[in-house]
Amino acid sequence: MAVKSFSLAQEGSELLSPNFRVKEFACKDGSDTIYIDTLLIYYLQKIREHFGRPIRIHSAYRTPAYNKKVGGAQESQHVLGKAADIQINGIEPKRIYDYANSLGVGGLGLYPSFVHIDCRVGRARWNG
């Protein structure tokens with residue numbers, strides 16, 4: 001799969017899959033450019049279909065400046081458009097984590113109120 005570039009202003013409402021639009025992956029700093037890995041979309045759609053409930057994306061693409069501002073890791077997958085921090089109302093993060101793990105996602109972090117999912121090459125697992 002590949003990382004694609006989008007314009008929030010021009011393509012924000014475009015569907016990436018049956019349940020996700022470009023604008024959901026935008027950096028919270030309001031910048032126009034959004035990078036999104038198509039493999040990330042695949043994983044998120046699989047998770048959405050498995051649980052049958054909407055996914056709330058707290059953070060996806062981050063510009064390097066915004067990533068630094070929020071204290072993100074220096075080599076953050078968010079900056080590459082390969083990560084999303086998600087939650088599903090009514091579903092414990094551990095259940096999301098376990099299902100994402102069964103899909104073979106590259107990076108997976110379990111936090112008290114959300115799950116970090118990324119499509120890095122290689123495997124990384126952690127609790128936050």
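The values are calculated or read from the model by the stated rules, or taken from the named source; none is laboratory data. Just so it is clear, the structure is predicted and the values come from calculations on it, not from any experiment. Cβ: placed from backbone, ideal geometry, glycine included. Neighbour counts: every protein chain shown.
Side notes on the structure shown:
- Of the candidates Gly52, Gly81, Gly104, the single residue that is touching a residue at least 24 places away in the same chain (Cβ under 8 Å) and at positive phi is Gly81.
- Residues of the range 76-118 that are acidic (Asp, Glu) and farther than 12 Å from Leu44 by Cβ: Glu92, Asp98.
- When the criteria are applied in full, Ser59 fails the requirement of being modelled with pLDDT of 95 or more, surrounded by fewer than 18 Cβ atoms within 10 Å (Cβ to Cβ) and polar (S, T, N, Q).
- Residue in the range 57-77 that is touching a Pro at 6+ places or on another chain (Cβ under 9 Å) and acidic (Asp, Glu) present: no
- Filtering the range 1-22 to residues that are surrounded by fewer than 14 Cβ atoms within 10 Å (Cβ to Cβ) and among the charged types (D, E, K, R) leaves only Glu14.
- Strands (runs of 3 or more DSSP E) wholly inside the range 19-128 that include at least 1 residues being aromatic (Phe, Trp, Tyr) and out of contact with any helix residue (DSSP H, G or I) (no Cβ under 7 Å at 6 or more places or on another chain): 33-37, 124-127
- One residue from Ile34, Ile86 being of a type in the set (Val, Ile, Thr), crowded, with 16+ Cβ neighbours inside 10 Å and closer than 27 Å to Ser102 by Cβ: Ile86
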